[in-house]
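Below you'll find the structure, written out as structure tokens, and then a few comments.
Bear in mind these aren't lab numbers, they're just calculated from the coordinates by the rules spelled out. The shown structure was predicted, so the numbers you read here are calculated from the model rather than taken from an experiment. Positions of Cβ are generated from backbone atoms using ideal geometry, with glycine treated the same way; all protein chains shown enter the neighbour counts.
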Amino acid sequence: MKQTALHAKHAALGAKMVPFAGYDMPVQYSGLIAEHLNVRENVGMFDVSHMGEFFVEGPGSLDFLQKVTSNDVSKLSPGKVQYSCFPNHDGGIVDDLLVYCLGEEHYMLVVNASNMDKDWKWLEDHNEQGVKLTNRSDEMSLMAVQGPKATEAIQSLTSIDLAGMKYYTFERGTFAGSENVIVSATGYTGAGGFEIYCENADAEKIWDAIMEAGKGQSILPTGLGARDTLRMEMGFCLYGNDIDDQTSPLEAGLGWITKFSKDFVNSENLKKQKEEGIQRRLVGFNILDKGPIPRQGYEIENEAGEVIGKVTSGTMSPSLSKAIAMGYVDKAHKEKGTRVNIVIRGRRLAAEVTAFPFISK
């Protein structure tokens, strides 16, 4: 099993470690609920170095990315970031990703750890432009500093004006004494904050500097358990649960990153799907009855007892102190306020369809 460059830090902090996407990763330190609420109220730091970083450069890079991603890469300029996905040829999604514009015909793609090998092969197989592809995933570390006090916690470590950075932009500069660090105003929590990309050799030094600088803002090391509950409260998709090789980006509510102003892999079929209307939709559910947490694969029924969909993700929301879930239902049951039942080991729990996010920012 792989280890990140920060593995020794997690061990020293007594983190509970679990296998995740081929890595030994911290799921929690002081406790999931405490870590979750601290990110919502103060600031927390995650090691997410398991994510993949691919670099695309050279003539034809823009045309290449326009073809393999669903969003319009031509809208990017240096210093801007874009959320996108790789559509497959069958109407589903190879992966969702971030596209960083580092310069003219020079990009960084940040992909999910569980899909790294699949994504790399996908890019190689579709590289008709002959662009230069470099996989630096094993050489780079990534820390996410998330929460409303993130700027205050780490501004002393860099001359970059963090408060002036707009959402989905980034800057390269000196951070905690390390050169050429990417500081990105992005994240997977809905709580605000930054993601810090650095060389593995600088990871421990930067981790220690952030933990020290953030003491006054009650910074806590935060595990992947809270990362999942935080993203669920925002209705953010998780690959392998809410989106996969069989789910259309339109069904997943990702029409906003599916731009038909250009041609891309399977764009004709997806455009036809948009024109004809989707048959199912990813929605949120507030669980009304007390009982077990809905989990991936549990059936969703309408009030007549007919199966209308399946749960893709479920959790107990620390912010709301109640169970919430995400799942696909047929289009007749996608409207907010629709009553449904989620079947858990033969028991039917009443639930109500709701819009994302589950909590207000």
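Considering all C-alpha pairs of the range 147-215, those separated by over 15 Å amount to 48%. Dividing the helix sum by the residues of the chain, where each DSSP H run of 4 or more adds -39500 (n - 2.57), gives a mean residue ellipticity at 222 nm of -6000 deg cm²/dmol. For the range 52-135, a Kirkwood radius taken over Cα pairs fed into Stokes-Einstein (25 °C, viscosity 0.890 mPa s) yields D = 196 µm²/s.
With K and R counted +1 and D and E -1, the other residues having a Cβ less than 13 Å from that of GLU204 yield a net charge of -3. Taking max minus min of the alpha-carbon positions on each principal axis, the chain gives extents of 63, 49, 39 Å, largest first. In units of the rule-of-thumb radius 2.2 N^0.38 Å, the range 30-91 shows an alpha carbon radius of gyration of 1.66. Its residues counted as N, the range 276-324 yields a C-alpha radius of gyration over 2.2 N^0.38 Å of 1.27. The Kirkwood hydrodynamic radius of the range 269-361, based on inverse pair distances between different Cα atoms, is 13.5 Å. Put simply, the amide H of ALA323, placed in the peptide plane, has neighbours under 5 Å in ILE287, SER317, leaving out anything fewer than 5 places away on its chain.
Express as a percent, rounded to the nearest 5, the fraction of DSSP beta bridges in the chain (both residues included) that run antiparallel. For the chain, the DSSP antiparallel bridge percentage is about 95. For the range 1-117, the fraction of C-alpha pairs farther apart than 25 angstrom is 41 percent. Straight-line cross-link partners of LYS272 among the aspartates and glutamates, defined as a Cα under 17 Å from its Cα and at least 8 positions apart when in the same chain: ASP90, GLU251, ASP263. Beyond 29 Å in Cα-Cα separation lie the following of the pairs LYS118/LYS205; LYS274/LYS322; LYS149/LYS310; LYS2/LYS205; LYS80/LYS259: LYS118/LYS205; LYS274/LYS322; LYS149/LYS310. Here the relative contact order of the range 279-361, from alpha carbon pairs under 8 Å that lie six or more residues apart, stands at 38 percent. Computed on the Cα atoms alone, the convex hull of the range 205-361 gives a volume of 163 cubic angstrom per residue.
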